[in-house]
Amino acid sequence: MESLSNKRKVIESKPLNFWERIYLPAILHGLSITMKHFLFKKDVTVRYPEQKREFSENFRGMHSLKRDEDGRERCTACGLCALSCPAEAITMISAERQPGEENLYREEKYAAVYEINMLRCIFCGLCEEACPKEAIYLDGDIVPADYLRKDFIYGKDKLVEAPLNQ
Amino acid sequence: MSIFYFIAFLSILFSVLVISAKNPVHSILYLILTFFTFTIQYILLNAQFLAIVNFIVYMGAILVLFLYTLMLINLNKDSEPVKSNMVKIAGVLGGGCLLVVVVASLKAIGVSQPVLLKDPGLGLVKNLGKVLFNEFLLPFEVSSLLLLSAMVGAVLLATKDPKTT
Amino acid sequence: MGTADILIKFALILIIFLISLVIAMYSTYAERKLAAFFQDRVGPNRAGPFGILQPLADGAKMFLKEEIIPTNSSGFLFIVGPSLAIMTACIGSAVIPWGQQLTIGSHVIDLQVTDINVGVLYIFGVVSLGVYGVMIGGWASNNKYSLLGAIRAASQNISYEIAMGLSIIALLMVTGSLSLKEIAAQQHGWHWNIVYQPLGFLIFIICAFAETNRTPFDLPECETELVGGYHTEYSSMKLGFYLFSEYINMFVSSAVMATLYFGGYNFPFMHSLGLSANWVTILGVIALFIKIFAFIFFFMWVRWTIPRFRYDQLMDLGWKTLIPLAIANIVITGLFITFLK
């Protein structure tokens with residue numbers, strides 16, 4: 001068949017000559033290559049828990065619930081993040097802000113319980129996009145491993161940013 | 001001497017197990033043990049070369065091939081061919097004849113002289129080689145010719161006929 | 001033979017046994033570490049400094065893991081398989097001369113467990129017996145992959161034994177003795193057998209790779225085709241025994257190669273150093289172990305370089321190349337001996 005792209009290459013497979021057929025020179029060549037790696041090449045690995053490679057700017061890691069400039073929680077428990085989540089990893093229970101709690105919560109409604117199941121989460125970042133209050137960002141580290149399934153359901157204790165001035 | 005009787009007892013025991021074992025693979029494994037006891041007997045006679053050759057050739061090669069072929073056989077009960085009554089009768093007759101011969105030979109039994117080696121170093125490699133290539137040169141060469149013809153036969157069987165392919 | 005001599009022999013056996021186990025243990029570590037270095041990685045480095053305790057951790061893991069005996073396996077043979085494998089691996093070291101004689105007080109200690117008249121053939125017999133562990137284990141597992149692995153092991157070992165035996169015959173024509181002690185003693189100074197038998201050594205080392213089931217001939221446990229080969233169904237320390245026996249085999253065959261072709265405990269300028277006999281012996285043992293470690297390193301180096309052979313290539317190499325080459329080697333050696341000596 002005529003090649004349409006003119007990229008076709010006809011490869012000639014010549015019969016092996018004597019030195020190629022006894023394999024040994026090729027084996028010695030291979031051994032010298034591996035020896036070169038053994039002696040001279042530097043390791044390409046990173047000793048992970050102690051050393052960390054820098055994340056790229058758009059890396060999506062663990063979620064964090066942000067505070068505003070006065071240290072109040074931004075989240076208003078609107079549920080848009082849970083709605084947008086394709087993996088249905090987010091649940092929350094909302095509560096009304098009581099008088100005297102204005103320094104804790106920015107809006108009149110806040111999330112009393114906010115849980116993300118890290119085993120379900122696919123780190124797509126749709127919650128981040130859906131949030132109208134800029135309250136959730138996936139700017140954290142890699143989610144660490146754990147032994148029990150229940151320990152992968154992260155509550156507010158792990159998700160909310162540390163308060164200011166601490 | 002007591003070692004000899006113990007080992008001899010073991011060889012007889014294992015060879016009885018070879019024919020009485022239900023599973024062919026088990027019977028091969030008993031055969032291996034039987035040959036191993038033979039090896040020990042050779043060592044007791046100071047026939048080191050014979051012992052080691054028995055070890056290599058029988059235990060290490062021939063029985064491996066036996067085991068190899070047996071592994072490929074379907075050992076299910078339902079694939080076992082049904083033996084007809086004729087075969088069973090023939091088996092009983094054959095076994096009976098063998099029994100008669102054994103009993104008859106038992107009648108002529110007598111205590112043999114204990115085996116005494118005239119030359120204890122005979123079984124060592126050097127002496128054995130000298131004996132084989134001087135005294136027994138002709139039988140040795142004839143048997144090697146026999147092996148050669150068997151080898152040629154195997155090659156002939158294995159090569160494909162160019163016409164049929 | 002007095003009681004003291006028997007005790008000394010017993011201690012020697014125990015020491016050799018322990019050394020081969022420890023070396024096998026640390027061969028697993030060396031294998032992983034060397035693999036890492038060949039591939040520009042670091043290798044195990046968590047257990048202890050540089051991961052030096054890794055073999056202990058692996059051993060503890062092997063012992064503590066759940067032991068599974070498949071329902072449809074032949075129970076007794078399933079246990080016999082790995083036991084045979086490790087036993088045949090261990091008894092090979094009995095005839096290797098680890099050094100010359102040590103003189104302590106009035107006792108002259110031979111650093112060899114037993115010097116039998118047919119040492120080379122003994123090694124050969126033990127090697128040929130080694131395949132039973134694999135075959136019985138593979139058959140008793142009652143698993144297709146295990147059976148295929150066992151069959152591959154059997155045919156591979158038998159095919160390569162022939163070439164190995166033929167290459168040894170050429171060596172024996174040079175040495176004129178079957179006793180390993182004598183062969184080692186003959187190679188005093190620079191008269192190493194590798195000089196007289198380069199082709200024989202090449203054939204022998206290729207066969208040694210095949211007999212120990214190391215890459216490029218590790219078809220019995222070929223993961224890509226046979227899951228785990230003959231040890232697919234094995235778990236816990238029984239699997240550990242199979243893996244261990246491979247490393248002990250590697251150690252013993254390295255020792256055999258060092259003894260047969262590389263002068264054994266001999267090292268250059270042995271007697272011009274002006275040391276006492278005991279010191280020469282100790283240095284000789286060290287020299288032998290350096291040679292053994294070099295061979296083990298070579299085994300691993302090849303493993304991380306050459307890909308696995310295909311089965312028909314393996315058989316082609318064994319029957320159509322190595323056996324004719326070995327026979328040619330015998331003929332050439334015979335001609336040399338007849339006309340030049």
*Could we say that B:Leu72 is within 14 Å of chain C (Cβ to nearest Cβ), within 30 Å of C:Leu172 (Cβ to Cβ) and modelled with pLDDT under 85 here?*
no
*Considering only residues of region B:1-24 that are modelled with pLDDT of 85 or more and small (Gly, Ala, Ser), which is farthest from B:Gly91 (Cα to Cα)?*
B:Ala8
_Every residue from region C:188-247 that is assigned to a loop (DSSP other than H, G, I, E, B) and polar (S, T, N, Q)_ = C:Gln197, C:Thr212, C:Asn213, C:Thr215, C:Thr232, C:Ser235
*asked:* Quick check on my filter: what residues within region A:77-104 are crowded, with 19+ Cβ neighbours inside 10 Å and touching a Ser or Thr at 6+ places or on another chain (Cβ under 8 Å)?
replied: A:Ala77
*Unique residue being within 26 Å of C:Met25 (Cβ to Cβ) and in contact (Cβ under 8 Å) with a residue 24 or more places away in the chain when the list is C:Ile248, C:Ile286*: C:Ile248
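Do we have any residue at all in region C:123-133 that's touching a residue at least 12 places away in the same chain (Cβ under 8 Å), closer than 21 Å to B:Leu63 by Cα and out of contact with any helix residue (DSSP H, G or I) (no Cβ under 7 Å at 6 or more places or on another chain)? Quick ask: steps written out before the conclusion?
We begin by selecting, within region C:123-133, every residue touching a residue at least 12 places away in the same chain (Cβ under 8 Å); these are C:123-124, C:126-133.
Within this subset, residues satisfying the condition of being closer than 21 Å to B:Leu63 by Cα are C:123-124, C:126-133.
Subsequent filtering for residues that are out of contact with any helix residue (DSSP H, G or I) (no Cβ under 7 Å at 6 or more places or on another chain) retains none.
No: region C:123-133 contains no residue that is touching a residue at least 12 places away in the same chain (Cβ under 8 Å), closer than 21 Å to B:Leu63 by Cα and out of contact with any helix residue (DSSP H, G or I) (no Cβ under 7 Å at 6 or more places or on another chain).
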*Just wondering, is there one or more residues in region C:48-63 that are touching a Gly at 6+ places or on another chain (Cβ under 6 Å) and at negative phi?*
yes
*How many residues are modelled with pLDDT of 75 or more, surrounded by fewer than 12 Cβ atoms within 10 Å (Cβ to Cβ) and more than 14 Å from chain C (Cβ to nearest Cβ) when one looks only at region B:114-135?*
3
*Taking only pairs six or more apart or across chains, which ones have beta-carbon atoms under 7 Å, a first residue in region C:232-244 that is closer than 16 Å to C:Asn142 by Cβ, and a second residue that is part of a loop (DSSP other than H, G, I, E, B) and basic (Lys, Arg)?*
C:Ser235/C:Lys65
*Enumeration of residues in region C:95-128 that are surrounded by 20 or more Cβ atoms within 10 Å (Cβ to Cβ) and either charged (D, E, K, R) or in a helix (DSSP H, G or I) (or both)*: C:Val95, C:Gly119, C:Val120, C:Leu121, C:Tyr122, C:Ile123, C:Phe124, C:Gly125, C:Val126, C:Val127, C:Ser128
*If you check C:Ala89 against the conditions, is it away from chain B (no Cβ under 14 Å) and in contact (Cβ under 8 Å) with a residue 12 or more places away in the chain?*
yes
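Kindly indicate whether any position in region C:134-146 is under 16 Å from the mean Cα position of the chain (by Cα) and not in a helix (DSSP H, G or I). Break it down stepwise before answering.
Initially, region C:134-146 is screened for residues under 16 Å from the mean Cα position of the chain (by Cα), giving C:134.
Pick out the ones that are also not in a helix (DSSP H, G or I) and you get none.
No, region C:134-146 has no match at all.
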*Output the number of residues of region C:114-138 satisfying the condition of being farther than 23 Å from C:Leu171 by Cα and more than 10 Å from chain B (Cβ to nearest Cβ).*
3
*Which pairs do you get when a residue that is within 7 Å of another protein chain (Cβ to nearest Cβ) and surrounded by fewer than 11 Cβ atoms within 10 Å (Cβ to Cβ), found in region A:30-48, comes within reach of a residue that is of a type outside the set (Asp, Glu) and assigned to a loop (DSSP other than H, G, I, E, B), reach meaning Cβ atoms under 6 angstrom, with the pair 6+ apart or on two chains?*
none
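Out of C:Gly43, C:Gly48, C:Gly2, I need the residue that is without any contact (Cβ under 8 Å) to a residue 24 or more places away in the chain, surrounded by fewer than 14 Cβ atoms within 10 Å (Cβ to Cβ) and touching a Leu at 6+ places or on another chain (Cβ under 9 Å). Which one? Before you say what the answer is, go through the steps one by one.
On the way: C:Gly43 fails: surrounded by fewer than 14 Cβ atoms within 10 Å (Cβ to Cβ); C:Gly2 fails: touching a Leu at 6+ places or on another chain (Cβ under 9 Å).
Testing whether each residue is without any contact (Cβ under 8 Å) to a residue 24 or more places away in the chain, surrounded by fewer than 14 Cβ atoms within 10 Å (Cβ to Cβ) and touching a Leu at 6+ places or on another chain (Cβ under 9 Å) leaves just C:Gly48.
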*Looking only at residues in region C:1-21 that are of a type outside the set (Ser, Thr, Tyr) and in contact with a helix residue (DSSP H, G or I) (Cβ under 9 Å, 6 or more places away or on another chain), which one is nearest to C:Arg303 (Cα to Cα)?*
C:Leu21
_For the structure I just gave you, tell me whether C:Asp40 is on the phi > 0 side of the Ramachandran plot and charged (D, E, K, R)._
yes
*When region C:296-341 is examined, which residues are found to be crowded, with 17+ Cβ neighbours inside 10 Å, of a type in the set (Ser, Thr, Tyr) and not in a loop (DSSP other than H, G, I, E, B)?*
C:Thr333
*Can you give me the number of residues within region B:1-48 that are assigned to a loop (DSSP other than H, G, I, E, B) and more than 11 Å from chain C (Cβ to nearest Cβ)?*
4
*Which members of region C:60-78 meet the condition of being part of a helix (DSSP H, G or I) and out of contact with any helix residue (DSSP H, G or I) (no Cβ under 7 Å at 6 or more places or on another chain)?*
C:Ala60, C:Lys61, C:Leu64, C:Gly75, C:Phe76
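Suppose the filter is touching a Gly at 6+ places or on another chain (Cβ under 7 Å) and part of a helix (DSSP H, G or I); does C:Met164 pass it? Walk me through it before giving the result.
Values: touching a Gly at 6+ places or on another chain (Cβ under 7 Å): no; part of a helix (DSSP H, G or I): yes.
No: the conditions fail for C:Met164.
Yes/no matrix, rows are residues, columns are (1) in contact with a Phe, Trp or Tyr (Cβ under 8 Å, 6 or more places away or on another chain); (2) surrounded by fewer than 16 Cβ atoms within 10 Å (Cβ to Cβ); (3) of a type in the set (Ser, Thr, Tyr); (4) touching a residue at least 60 places away in the same chain (Cβ under 8 Å):
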site	(1), (2), (3), (4)
B:Ala8	no, yes, no, no
B:Ser11	yes, no, yes, no
B:Val18	yes, no, no, no
B:Ser27	no, no, yes, no
B:Phe35	yes, no, no, no
B:Thr39	yes, no, yes, no
B:Tyr42	no, no, yes, yes
B:Leu50	yes, no, no, yes
*Taking region C:293-318 only, how many residues are within 13 Å of another protein chain (Cβ to nearest Cβ) and either under 20 Å from C:Phe201 (Cβ atoms) or without any contact (Cβ under 8 Å) to a residue 12 or more places away in the chain (or both)?*
12
*Selection from region C:167-191 of residues that are over 20 Å from the mean Cα position of the chain (by Cα) and farther than 20 Å from C:Thr114 by Cα*: C:Ala170, C:Met173, C:Val174, C:His188, C:Gly189, C:Trp190, C:His191
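The values are calculated or read from the model by the stated rules, or taken from the named source; none is laboratory data. Here the structure is a predicted model, which means the values were calculated and not measured. We place every Cβ from the backbone using ideal geometry, glycine too, and count neighbours over all the protein chains shown.
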